[in-house]
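To start, the structure under review is shown below, and the notes come after it.
Every number in this text was worked out from the coordinates using simple rules, so none of it is lab data. The structure presented is a predicted model; accordingly, all values stated were derived computationally and were not measured. Backbone-built Cβ (ideal geometry, glycine too); neighbour counts: all protein chains shown.
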Amino acid sequence: MKRAILGLGVAAVFSAAPVVAGTAAAAPPVRVTIVLSCDKGVDAQASVTLRAAVDSGDLATITNDELNCGPNSISGRTRARVVVDVPAGAVVVPQFAATAGTSSLDCSFPAGGPLPALFVCAPVGSSTAQLSVK
């Protein structure tokens, strides 16, 4: 009986080893979800460029035609969601601006950064536009 239990325990350790090794060397996700959301009374638009790494070439660019929100935006919606099938590991935000009333704020991030990333733009007080890339 002890040999049977020991044998099952050793088999479990060896069968789990390839799974652990596979997850440690995982590639960037192939699907990236970008969400731009606006609080009530806030309009925003953004352009996003996805890259394999911050200093590598562009894989995909999503323009403000697709990424806009707010009552006075192109879409008129409070949220925009875009899903892109690319193995991205970094994001550059060449254009991200939000407006609330007469106050506007440029929250672009052209230097770029790794994924996942969250950018918050607050043109006035606590009213924000949030750009999530993951």
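Could you go through the stretch 120-134 in sequence order and give the Karplus-derived ³J(HN,Hα) for each residue, using 6.51 cos²θ - 1.76 cosθ + 1.60 with θ = phi - 60°, rounded to whole Hz, and x for Gly and Pro?
10, 10, 10, x, 8, x, 9, 6, 10, 10, 10, 10, 10, 10, 8
In debye, nearest 20, what is the charge dipole magnitude of the stretch 31-133 about its Cα centre with +1 on Lys and Arg Cβ and -1 on Asp and Glu Cβ, if you could check?
My answer is approximately 280 debye.
Taking a quarter of the surface of the Cα convex hull of the stretch 31-133, what do you get in nm²?
5.6
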